[in-house]
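Everything below concerns the one structure shown next.
All of the numbers you see were taken from the coordinates with simple rules; none came from a lab. On a predicted model such as this, the values are computed, not experimentally measured, just so you know. Here the Cβ is made from the backbone with ideal geometry for all residues, glycine too, and neighbour counts use every protein chain on show.
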Amino acid sequence: MAREPREGRGRERDRDGDELLDKLVTINRVAKVVKGGRRFAFAALVVVGDQKGRVGYGAGKAREVPEAIRKATDRAKRGMIRVPMKEGRTLHHDVEGTFGAGRVVLRAASAGTGIIAGGPMRAVFETLGIGDVVAKSLGSRNPHNMVKATFAALQRCASPRTVASRRGKKVADLLGRRDAAPPQETADAV
């Protein structure tokens, strides 16, 4: 069952009716040496997200570029994760993630900061729907390791509600009362 390749990358709907945005992170030509010469194939890395907190990545290999991209996109859709976001624009807290030699640090940012991140991580944040984040890649610059380390960090993110329920407390106890005044310093404390 051959399918016509889509022109360019873009949006499409998944089975839940959500509109998905897919971004091609990298494409690599690989060669296999055989008796008659070299056989070329293509390896693609794709990130897919709904820009509302769900994102996934996938890698695919095939003899043709469109087929490799299609395989990677299908794999990315199957492995989507949900990431809790603060105010729908940033992370709740700073987090680190590692995969192999790749290590990334993701930091929550104030409104208006934008996405400050390198290429592979930027694709993840744009498809996820995060608008304000600061990210730094330490270690490996391999796109596969960077994307996998970013996903490892995003899976460690937790919302205050989940942390409070895990600890058996209320969200207000964790965050502190917003209407409460800060404690007054006394002369004895100095």
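Once the piece of chain linking ARG141 and ASP94 is laid out straight, how much longer is it, given 0.36 nm per residue of separation minus the C-alpha distance between them?
Extending this stretch completely gives an extra 14.8 nm.
Which far-off residues, 5 or more places away or on another chain, put their amide H under 5 Å from the one on GLY102, with H placed in the peptide plane?
Answer set, sorted by chain and number: SER140.
Go ahead and collect, in residue order, the members of the stretch 108-137 whose backbone nitrogen is under 13 Å from a label point 7 Å along the Cα-Cβ direction of VAL163.
108
Mean shadow of the stretch 36-190, computed from the convex hull of its alpha carbons, in nm²?
Approximately 13.7 nm², given one-decimal rounding.
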